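K.L.:
This structure is in structure tokens; I'll ask about it shortly.
The values are calculated or read from the model by the stated rules, or taken from the named source; none is laboratory data. The shown structure was predicted, so the numbers you read here are calculated from the model rather than taken from an experiment. Ideal geometry is used to build each Cβ from the backbone, glycine not excepted, and the neighbour counts take in all protein chains shown. Ligands, DNA and RNA are stripped out before the accessible areas are found, and what is left, the full protein with its side chains, is counted by its heavy atoms. Shrake-Rupley method; radii C 1.70, N 1.55, O 1.52, S 1.80 Å.
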Amino acid sequence: MNPTLDADLIAEVLAGLTQTPKRLSPRWLYDRLGSELFEAITELPEYYLTRTEGQIFEDHLGDMAEEIGPGAVIVEYGAGALVKTRALLDGLESPAAYVPIDVSGPFLKDAAKSLSEAFPGLIVAPIVADFTGEIDLSGLPGAAEKRVGFFPGSTIGNLTNDEILTFLSRARKSLGPEGRFLLGADMKKDPRILQNAYDDRQGVTAKFILNGLAHLNTALGTTFDLDAFRYEAVWNEAASRMELYLVAERATQVSLANHAFSMPKGERILMEISRKFELSQLSELAATSNWKVERVWQDQKGYFSLILFS
């Protein structure tokens, strides 16, 4: 990391550790190991999201491809392992380019290389960046009016309303006045289904969340004692979201940049939220960001939605 970026990230972490409850950005969950653990989560029997979204692609890909049209430039935010991307690109007519954006550089580059081999005629131009920040797409190949933002997996649920508005507004600006946006979002449902999905019996999600502290220790020099924490997943009905915490099992301390924080037994760190939406909520947020809903595709149970904005 460069010194300026380091200072900004340290300031962000320090601010989070002074909040009540303490809170850390989900960005820290996604180093190489974190990305690999998340991909393992998507294959768990309890984790319905990936399978359900994949079924929607399978059932409605022809419609999506027709709506998007030929020669599209697909810009994927928070790209991960690009699994859903392959399904989308398989169905599109002569896509011009694919631009994956992800904070995990080594993982992204490996995935982009694999995709290039699978689609030899496709321009693949990865961008290592935090997708919630300002992204410069001015030098992209292909026609500017054919840019389509792609944000699957319900990662939108990790963001607050203000963060969603900022993200969608920035995407609207960078994709251009004729750009479009294909969003995956998880719908509100029985909390028992959600609890099982985010607290799996094998403990993979717990390892994924705990690795966020390990990443911080490596990247910024924090002194989190990983053995002092356990994972806890909580459904917050009022906020319509799962809240993923690390809870101190005993009194512990953490230091960063000459600042020390004491945590008594039972104190929690909020590591991630995963919101569950009504379509009306997403339509309103999109409209505030100068997007409008064009098409909606859902599974038969209404668990998940893919929404095309223009």
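K.L.:
Within region 282-310, which residues are surrounded by 17 or more Cβ atoms within 10 Å (Cβ to Cβ), out of contact with any strand residue (DSSP E or B) (no Cβ under 7 Å at 6 or more places or on another chain) and more than 21 Å from Leu61 (Cβ to Cβ)?
P.N.:
Leu285, Ser289
K.L.:
Does region 147-157 include one or more residues that are open to solvent by 20 Å² or more (accessible area, probe 1.4 Å), at pLDDT below 95 and among the charged types (D, E, K, R)?
P.N.:
yes
K.L.:
Okay, moving on. Within the set of pairs 6+ apart or on separate chains, which have a first residue in region 225-249 that is in a loop (DSSP other than H, G, I, E, B), a second that is crowded, with 18+ Cβ neighbours inside 10 Å and among the hydrophobic types (A, V, I, L, M, F, W, C), and C-beta atoms under 9 Å apart?
P.N.:
Asp225/Leu213; Asp225/Val254; Ser240/Phe277; Glu249/Ala228; Glu249/Phe229
K.L.:
Further question on the same structure: Of all residues in region 85-102, count the ones that are touching a Gly at 6+ places or on another chain (Cβ under 9 Å) and open to solvent by less than 50 Å² (accessible area, probe 1.4 Å).
P.N.:
Kept after step one, since they are touching a Gly at 6+ places or on another chain (Cβ under 9 Å), are these residues of region 85-102: 87, 91-97, 100-102.
With open to solvent by less than 50 Å² (accessible area, probe 1.4 Å) added as a condition, the list becomes 87, 91-92, 95-97, 100-102.
So the count comes out to 9.
K.L.:
Restricting attention to region 227-251, and to residues there that are over 21 Å from Phe261 (Cα atoms) and among the small types (Gly, Ala, Ser), which single residue is most open to solvent (accessible area, probe 1.4 Å)?
P.N.:
Filtering region 227-251 for residues that are over 21 Å from Phe261 (Cα atoms) and among the small types (Gly, Ala, Ser), the one most open to solvent (accessible area, probe 1.4 Å) comes out as Ala238.
K.L.:
How about region 183-226: which of its residues are open to solvent by less than 50 Å² (accessible area, probe 1.4 Å), polar (S, T, N, Q) and either touching a Pro at 6+ places or on another chain (Cβ under 9 Å) or over 25 Å from Ile56 (Cβ atoms) (or both)?
P.N.:
Asn211, Asn217, Thr222
K.L.:
Residues being open to solvent by less than 70 Å² (accessible area, probe 1.4 Å), without any contact (Cβ under 8 Å) to a residue 40 or more places away in the chain and among the basic types (Lys, Arg): count how many of those fall in region 260-281. Reasoning before the result, please.
P.N.:
Of the residues in region 260-281, the ones open to solvent by less than 70 Å² (accessible area, probe 1.4 Å) are 261, 263, 266-267, 269-277, 279, 281.
Pick out the ones that are also without any contact (Cβ under 8 Å) to a residue 40 or more places away in the chain and you get 266, 281.
With among the basic types (Lys, Arg) added as a condition, the list becomes none.
Qualifying residue count for the region: 0.
K.L.:
Taking region 1-52, which residues are closer than 19 Å to Gly203 by Cα, among the small types (Gly, Ala, Ser) and either more than 15 Å from the chain's Cα centre (by Cα) or surrounded by fewer than 18 Cβ atoms within 10 Å (Cβ to Cβ) (or both)?
P.N.:
Matches in region 1-52: Ala40 only.
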